[in-house]
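J.: Take this structure, written in structure tokens, and hold onto it; I'll ask about it next.
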Amino acid sequence: MSVMASRPILRWALPAGVVVAVLGGGVVSNQLRAAANVTLPERSPAQLIVDVQSANLTGVSGTVVEKAALGLPTLPERLGGDGSSQLNSLISGSHTLRVWYSGPDKTRVALLGAVGESDIIRNGNEAWIWSSTGNTATHLTVKDTPGVMHPGLGASAGVLPSMSSVPMTPQQAASAALAVLGQTTRVSTEPGTRVAGRSAYVLSIAPKDTNSLIDRVRVAIDGAKHVPTQVEVFAKGHPNEAAFSIGFSQVDFSRPNADRFAFTPPAGAKVDDQTVDPAHAFDQVAKPPTAVIGSGWTSVLATRLPKDLNPAAPGAGAGAQSGKGLGLDMVLNTLPQVSGAWGHGRLLQSRLFSVLFTDDGRVLAGAVSGDRLQAAAADPAAALR
Amino acid sequence: MSVADLRQSSDPARVPSGGPVGAVVYRPHAVSSRFFRSELLLIFGRRRNWVGGLILATVPILIAIAVKVSPPSPGGGGMNFLNQITQNGIFVALSALTLEMPLFLPLAVAAIAGDTVAGEAHLGTLRYLLTVPVDRTRLLVVKFGAIAVFALVATLLVALVGAMLGLALFGGGPVVTLSGTTLPFWTGAARLLLVIAYITMCMTALGAIGLFVSTLTEQPIGATIAILVLALGSEIMDAIPQLSVIHEYLPTHYWAAFGDLLRDPISTAAVVPGIWSALAYTAIFGAAAWARFGGRDVTS
């Protein structure tokens, strides 16, 4: 104490030490986790893909963290930025999901907001979409039609409305990435990593076409269970920071309890009952004309916006009153205007993909630069007549 | 404590040799709650703090009356918890806590924490306290303990007034979690206690920052304003997406994570980092307050 009385400055060693301990503790534990020796027997890319395809996943639950650094203008929380629990918000910022899986017809995904939550629960022929913010529950019953396969959560994304087309689980994201394999793709392995505290193989998938905005896709495959536990997409020119990543931060491969998938709407909630007939699901929705220009990693999808969502279409005022139309309208007006032989429009460019909204209501999207998108728009096939 | 007490407790061996004959070196008992009790009496006996408590309690009362007068339509959206009140009165407490978390509770903690050391210095009582003699470290520990107790009492006040009034006006019943599942009433009430405990931790961390700020100045108002500016500035920075790199280090970042405790099952995704963050801020600023206060000259 006498030293400290004569030199009070020495007392500051304590708070400084606490700061170092707190920050150092965090950094060291992160690095230990990342650098911990991953000792897994060698496996070739082909073996890994087979492993994934033959993996028998009976059940999994855990916390999934999704991060998007697409270089897009960051959205405020109201429009689906950080911490929003709205299901259409996964394209921006960082989000946490909780996932329970017990076979393709028993799944539950919860998107966690700060003080809110959206859940999608699928149990056999039934599905519930719960939103705590609105206190609403949507009940979907899939009509049992013989001959029509019951799609899993991923395949049913088109059937269930308001479900985002962004992959919700690492499994979906990995199968989507593996599906585009072919002669267009270079597949290799990278040194192993750790995901959710477990050793994992890393499969690297890179396009051969240099015009693609995608540099490579890294898929982490659990060393013991052979299930993809993390998917990272890297953009050209940003080899160290994933433009989009989704992966488990905590995972448990035991089968979740069956009552996790039983949902009873709470008293007082607004319940909306809907019946979905998978055989005729797409009859009600006027399927917009679509065309694919190009092939492989640089293919461009051209389609037409539904009338009520198209801000350029006459009578868009009515559509703009719905939240979705309003958001799209606001975002579109902030985008730079472009024009060419194909007409006029607005161009959205991100690190991974570009989207061109033309004034005549067409939408073109692809993992290519804006210039190549405009060239594709001039293609006769993209006229959508 | 009488002079006789002091004589009895003094140990001849502790009298420094060469000291004046008959000098009494008083060493306080290692564990005596007397100073702590007098500190609590100071905080909870002041009329201005009673008025502050009344303001904190007004929010749940306003919420309960407003919802009773004009109940929200089902599925009408709006604020979380507010649309549950008509089903279960306990949600008045959660609504009030959610509303008071960003400003009213930090304001109350800032007022108390800013007053701890700077207030004594301003009134000129700090030097008398220290000549009693109270060890400076002990003084800080007592002041911090009183802040923690106040944080708990303030949070409890809001929650209990809300829960009592809500249950009286709307009745109890099963508690709906954020996940859409329903918990029995007492399980739900236990979750509310967890929320109170978590918010108390967050507010105590702010109080530790306040204790440090309070040792920097002799102006309690200045300290209170500085603490509030820190808290609100942190909340503002937390709302700017471009600053997302530093968000997790902000003292207020995990304040809303108490929502994790209301999911089914309880999620640890944000609430556990939140607890670590609160503990880290408490440790860092508690140590900083000690370093600052132990070495400073008490001039007033």
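J.: Residue by residue through the stretch B:67-81, note down the ones that are at pLDDT 80 or above and buried (at least 21 other Cβ atoms within 10 Å of the Cβ).
T.: First, pick out the residues of the stretch B:67-81 that are at pLDDT 80 or above: B:67-71, B:81.
Listed by number, the residues that qualify are B:Val67, B:Phe81.
J.: Given the conditions (1) more than 9 Å from chain B (Cβ to nearest Cβ); (2) modelled with pLDDT of 90 or more, report the number of the one that A:Pro15 does not fulfil.
T.: (1)
J.: Something else: Does B:Gly173 fit the bill of being in contact with a Pro (Cβ under 8 Å, 6 or more places away or on another chain), at positive phi and within 14 Å of another protein chain (Cβ to nearest Cβ)? Reasoning before the result, please.
T.: Values: in contact with a Pro (Cβ under 8 Å, 6 or more places away or on another chain): no; at positive phi: yes; within 14 Å of another protein chain (Cβ to nearest Cβ): yes.
It is false that B:Gly173 is in contact with a Pro (Cβ under 8 Å, 6 or more places away or on another chain), at positive phi and within 14 Å of another protein chain (Cβ to nearest Cβ).
J.: Next question. How many residues, within the stretch A:263-287, are open to solvent by less than 70 Å² (accessible area, probe 1.4 Å), more than 9 Å from chain B (Cβ to nearest Cβ) and either over 30 Å from A:Ala383 (Cβ atoms) or at pLDDT 75 or above (or both)?
T.: Residues meeting the conditions: 5.
J.: Continuing with this model, one more query. Show the residue pairs that are 6+ apart or on different chains and have beta-carbon atoms under 7 Å apart, the first residue being within the stretch B:152-178 and crowded, with 24+ Cβ neighbours inside 10 Å, the second being among the acidic types (Asp, Glu).
T.: Taking only residues 6 or more apart or on different chains, the pairs are B:Val158/B:Glu100; B:Leu178/A:Glu117.
J.: If you don't mind, another one. For the subset of the stretch B:261-300 comprising residues that are farther than 29 Å from B:Leu129 by Cβ, of a type in the set (Ser, Thr, Tyr) and out of contact with any Phe, Trp or Tyr (no Cβ under 8 Å at 6 or more places or on another chain), which member is nearest to the other protein chains (Cβ to nearest Cβ)? Explain how you work it out, then say what you get.
T.: Start the filter on the stretch B:261-300 by keeping residues that are farther than 29 Å from B:Leu129 by Cβ, which leaves B:261-277, B:280.
Then keep just the ones that are of a type in the set (Ser, Thr, Tyr); that gives B:267-268, B:277.
Right, trim to out of contact with any Phe, Trp or Tyr (no Cβ under 8 Å at 6 or more places or on another chain) and you get B:267-268.
On the way: B:Ser267: 6, B:Thr268: 8 Å.
Among them, the one singled out is B:Ser267.
J.: Still on this structure, I have one more. Can you tell me which condition B:Phe258 does not meet? The list is (1) open to solvent by 10 Å² or more (accessible area, probe 1.4 Å); (2) at the interface with another protein chain (Cβ under 10 Å from one of its Cβ atoms), and all the others hold.
T.: (1)
J.: So, in the stretch B:213-251, of the ones that are free of Cβ contacts under 8 Å to residues at least 40 places away in the same chain and outside any helix (DSSP H, G or I), which residue ends up farthest from B:Ile196 (Cα to Cα)?
T.: B:Ile240
Here's the yes/no breakdown for (1) open to solvent by 40 Å² or more (accessible area, probe 1.4 Å); (2) more than 12 Å from chain B (Cβ to nearest Cβ); (3) out of contact with any Lys or Arg (no Cβ under 8 Å at 6 or more places or on another chain); (4) at pLDDT 80 or above:
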| site | (1), (2), (3), (4) |
| --- | --- |
| A:Gly26 | no, no, yes, no |
| A:Ser61 | no, no, no, yes |
| A:Pro73 | yes, no, yes, no |
| A:Thr96 | no, no, yes, yes |
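J.: Another one. Hey, does the stretch A:146-163 have a residue that's β-branched (Val, Ile, Thr), at pLDDT 55 or above and open to solvent by 10 Å² or more (accessible area, probe 1.4 Å)? Write out each step before concluding.
T.: Here is the first cut: in the stretch A:146-163, the ones β-branched (Val, Ile, Thr) are A:148, A:159.
Of the ones still in play, those that are also at pLDDT 55 or above are none.
No: zero hits.
J.: Can you find a residue in the stretch A:360-376 that is out of contact with any Leu (no Cβ under 6 Å at 6 or more places or on another chain) and at pLDDT below 85?
T.: Yes, the stretch A:360-376 contains a residue that is out of contact with any Leu (no Cβ under 6 Å at 6 or more places or on another chain) and at pLDDT below 85.
J.: Whether any residue in the stretch B:138-151 is over 21 Å from the mean Cα position of the chain (by Cα), in a helix (DSSP H, G or I) and of a type in the set (Lys, Arg) is what I want to check. Please lay out each step first, then the result.
T.: Initial filter on the stretch B:138-151 (over 21 Å from the mean Cα position of the chain (by Cα)): none.
Looking through the stretch B:138-151, none of the residues is over 21 Å from the mean Cα position of the chain (by Cα), in a helix (DSSP H, G or I) and of a type in the set (Lys, Arg).
J.: Within the stretch A:350-385, which residues are closer than 20 Å to A:Leu70 by Cβ, touching a residue at least 40 places away in the same chain (Cβ under 8 Å) and open to solvent by 30 Å² or more (accessible area, probe 1.4 Å)?
T.: Residues satisfying the conditions are A:Arg351, A:Phe353, A:Phe357, A:Ala365, A:Ser369, A:Arg372.
J.: For the stretch B:189-212, state whether one or more residues are without any contact (Cβ under 8 Å) to a residue 24 or more places away in the chain and open to solvent by 60 Å² or more (accessible area, probe 1.4 Å). Please lay out each step first, then the result.
T.: Step one: filter the stretch B:189-212 for residues without any contact (Cβ under 8 Å) to a residue 24 or more places away in the chain, giving B:190, B:193, B:197.
Checking the rest, the ones that are also open to solvent by 60 Å² or more (accessible area, probe 1.4 Å) come to B:193.
Yes - at least one qualifying residue is present in the stretch B:189-212.
J.: Given the residues A:Pro207, A:Pro239, A:Pro191, which is the only one that is modelled with pLDDT under 90, in the same structural domain as A:Gln53 (by TED's automatic domain parsing) and surrounded by 17 or more Cβ atoms within 10 Å (Cβ to Cβ)? Break it down stepwise before answering.
T.: Working: A:Pro239 fails: surrounded by 17 or more Cβ atoms within 10 Å (Cβ to Cβ); A:Pro191 fails: surrounded by 17 or more Cβ atoms within 10 Å (Cβ to Cβ).
One residue alone meets the criteria, A:Pro207.
The values are calculated or read from the model by the stated rules, or taken from the named source; none is laboratory data. Keep in mind that what you see is a predicted model, and the values were worked out from it rather than measured. So basically every Cβ, Gly included, is an ideal-geometry build from the backbone, and we count neighbours across all protein chains shown. What goes into the accessible areas is simple: the full protein's heavy atoms, side chains included, and nothing from ligands, DNA or RNA. Shrake-Rupley method; radii C 1.70, N 1.55, O 1.52, S 1.80 Å.
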